[in-house]
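As structure tokens, the structure follows; a few thoughts come after it.
The values are calculated or read from the model by the stated rules, or taken from the named source; none is laboratory data. It should be emphasised that the depicted structure is a prediction, and the values quoted were computed from it without experimental measurement. Cβ sites come from the backbone with ideal geometry, for glycine too, and all protein chains shown count toward neighbours. For the accessible areas, the whole protein counts, side chains as well, though only heavy atoms, and no ligand, DNA or RNA atoms are used. Shrake-Rupley method; radii C 1.70, N 1.55, O 1.52, S 1.80 Å.
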Amino acid sequence: MQINLKGIFLSDLHRVQLHINLDLLYQNIQKMSLRVAPTLLMPVLKANAYGMGAVEIGRFLSSKGVKTTGVADIREALELSPYFDEIHILGDVFDKELAVAQENNFVCPITSFSRIKDWYKIVKNNKQKLKIQINLDTGMGQLGLKPIEIYEKWELLKNNENIEVVGLYSHFTNGDFLNDPHSRMQLKLFKEVLAFFLDKKIILKNTHIGNSSAINFMPDSYQGFSHVRTGINIYGVQSEITARENYLKPVLNLQSKIINIKNLTKGDTVGYQKTYKLTENKKVATIPFGYADGMPFGAKENGRVLIGGSFCNILGRVSMDYITVDVTQLREVVIEDIVTLIGKDGKNEVTVEDWARWKQSIPYDVICSLDRPRIYKNYR
């Protein structure tokens, strides 16, 4: 909703904007779909679509014919229910949430045999069956049934008048590592449990263990299965460990503007605790974007932004609300010039992966922290 303040819209007052190119996003979806075919691609829109706006992204994907998504919990599933025919809850659900999940035909996870008998009782009198899929713990250790548990108690997972078992899924622990032996072990376990169910004449239509990184370099993690999940690849962002795959295009562009410019002389310091001392005269610009906005504090060492297509180094510590950058080399620079914090400007680019290095973290952490006003470009 836009609020007009004497001719100025509230959205115009934001000093930072995150642009999301939906055309490029859908191109990434198409390219991954072709890569994994005939396996189906399942976009995962948990955590507010990794901070990119679940409703907006979900509505867009639905308009392009995408019918299935994965989420973390029932709140997210309800939020996206108008846009998808099938929603997989990949985390867990509480007993009190089952009725709502059943009414909305969500696919729920089974993560514990200690709860399944209670579930049979809870959904006993509901009109339609509760769809469940088995979360197999192949090494993650957080949620899910161990293979040995399934072998011993599999009869509890038979379909009955109240529950329909529709799938088996798992999660890689080291999915970002090429030819990782632990991932190979997990895939082997997954296939063994799937074969066990087939031997027991239990047909599971939904089977998936592959994720974004596996799409890039572990094709046997999705070949022969019904789905492969993808989240961060949608945005053209990849694990720093994984070699960048050029078939995916970054869709994010985070921008701010210069709010102040000043000339500093040799010996002056910049920022808290005077950690940066000028060894020569410099022109510096201040940008209204700091660690409160998601800027990695570690960018104080080697961070940079783009102004007019040129890299400008961050000087001194990152503040809560501001960073200061070196613009000495720029011929022309004025207040309100556009500053690209993430994205391309001319031939140069600052990536989410760059931010992850500065933050000594992972790209997932970076984009989930970008709680900024979002502008969806090329929305059709």
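Residue-by-condition table, conditions (1) over 24 Å from the mean Cα position of the chain (by Cα); (2) over 18 Å from VAL350 (Cα atoms):
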| site | (1), (2) |
| --- | --- |
| VAL270 | yes, yes |
| GLN273 | yes, yes |
| LYS277 | yes, yes |
| TYR291 | no, no |
| PRO296 | no, no |
| LYS300 | yes, no |
| LEU306 | yes, no |
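Does GLY175 satisfy being open to solvent by less than 40 Å² (accessible area, probe 1.4 Å), within 20 Å of ASN216 (Cα to Cα) and modelled with pLDDT under 90? Yes. The single condition from (1) assigned to a loop (DSSP other than H, G, I, E, B); (2) in contact (Cβ under 8 Å) with a residue 60 or more places away in the chain; (3) among the β-branched types (Val, Ile, Thr); (4) open to solvent by 30 Å² or more (accessible area, probe 1.4 Å) that ILE261 fails is (1). Every condition in (1) out of contact with any helix residue (DSSP H, G or I) (no Cβ under 6 Å at 6 or more places or on another chain); (2) buried (at least 19 other Cβ atoms within 10 Å of the Cβ) is met by SER33 except one, and the failing one is (2).
Beta carbons closer than 8 Å, at least 6 apart along the sequence or on distinct chains, pair a first residue in region 77-88 that is touching a residue at least 12 places away in the same chain (Cβ under 8 Å) with a second that is assigned to a loop (DSSP other than H, G, I, E, B) and among the basic types (Lys, Arg) for PHE84/LYS67; ASP85/LYS67; GLU86/LYS67.
For region 352-365, which residues satisfy the criterion of being in a loop (DSSP other than H, G, I, E, B) and surrounded by 15 or more Cβ atoms within 10 Å (Cβ to Cβ)?
Kept after step one, since they are in a loop (DSSP other than H, G, I, E, B), are these residues of region 352-365: 360-362.
Listed by number, the residues that qualify are SER361, ILE362.
Right, ASN281: more than 25 Å from ALA299 (Cβ to Cβ) and in contact (Cβ under 8 Å) with a residue 12 or more places away in the chain or not? No: the conditions fail for ASN281.
Of everything in region 178-201, what is open to solvent by less than 20 Å² (accessible area, probe 1.4 Å) and either farther than 29 Å from TYR364 by Cα or more than 25 Å from the chain's Cα centre (by Cα) (or both)? Give them in sequence order. Residues satisfying the conditions are VAL193, PHE197.
With respect to the conditions (1) touching a Gly at 6+ places or on another chain (Cβ under 9 Å); (2) among the hydrophobic types (A, V, I, L, M, F, W, C); (3) modelled with pLDDT of 90 or more, LEU370 lacks only one, and its number is (3). Here is a list: ILE323, ILE335, ILE367, ILE342. Which entry is without any contact (Cβ under 8 Å) to a residue 60 or more places away in the chain and of a type outside the set (S, T, N, Q)? So the residue among ILE323, ILE335, ILE367, ILE342 that is without any contact (Cβ under 8 Å) to a residue 60 or more places away in the chain and of a type outside the set (S, T, N, Q) is ILE323.
Name the residue that is farthest from PRO250 (Cα to Cα), counting only residues in region 312-350 that are basic (Lys, Arg) and under 30 Å from the mean Cα position of the chain (by Cα). Steps first, answer last, please.
Step one: filter region 312-350 for residues basic (Lys, Arg), giving 317, 331, 344, 347.
If we keep only those that are under 30 Å from the mean Cα position of the chain (by Cα) too, we end up with 317, 344, 347.
Values: ARG317: 28, LYS344: 9, LYS347: 14 Å.
Taking the candidates together, the pick is ARG317.
So in region 44-93, with the set limited to residues that are assigned to a helix (DSSP H, G or I) and among the polar types (S, T, N, Q), which one is surrounded by the fewest Cβ atoms within 10 Å (Cβ to Cβ)? Within region 44-93, the match that is surrounded by the fewest Cβ atoms within 10 Å (Cβ to Cβ) is SER63.
Taking VAL100, is it outside any strand (DSSP E or B), buried (at least 16 other Cβ atoms within 10 Å of the Cβ), free of Cβ contacts under 8 Å to residues at least 40 places away in the same chain and of a type in the set (Val, Ile, Thr)?
On the way: outside any strand (DSSP E or B): yes; buried (at least 16 other Cβ atoms within 10 Å of the Cβ): no; free of Cβ contacts under 8 Å to residues at least 40 places away in the same chain: yes; of a type in the set (Val, Ile, Thr): yes.
For VAL100, the condition - outside any strand (DSSP E or B), buried (at least 16 other Cβ atoms within 10 Å of the Cβ), free of Cβ contacts under 8 Å to residues at least 40 places away in the same chain and of a type in the set (Val, Ile, Thr) - is not met.
Taking first residues from region 109-123 that are more than 17 Å from ALA99 (Cβ to Cβ) and without any contact (Cβ under 8 Å) to a residue 40 or more places away in the chain and partners that are open to solvent by 30 Å² or more (accessible area, probe 1.4 Å) and not acidic (Asp, Glu), the Cβ contacts under 7 Å between residues at least 6 apart in sequence or on separate chains come to THR111/LEU143. Residues of region 366-380 that are of a type in the set (D, E, K, R), outside any strand (DSSP E or B) and surrounded by fewer than 17 Cβ atoms within 10 Å (Cβ to Cβ): ASP371, ARG380.
Looking at region 226-254, which of the residues that are farther than 24 Å from PRO38 by Cα and of a type in the set (A, V, I, L, M) is modelled with the lowest pLDDT? That would be ALA243.
The helices (runs of 4 or more DSSP H) found entirely in region 131-231 that carry 3 or more residues being within 30 Å of GLU97 (Cβ to Cβ) are 147-153, 181-199.
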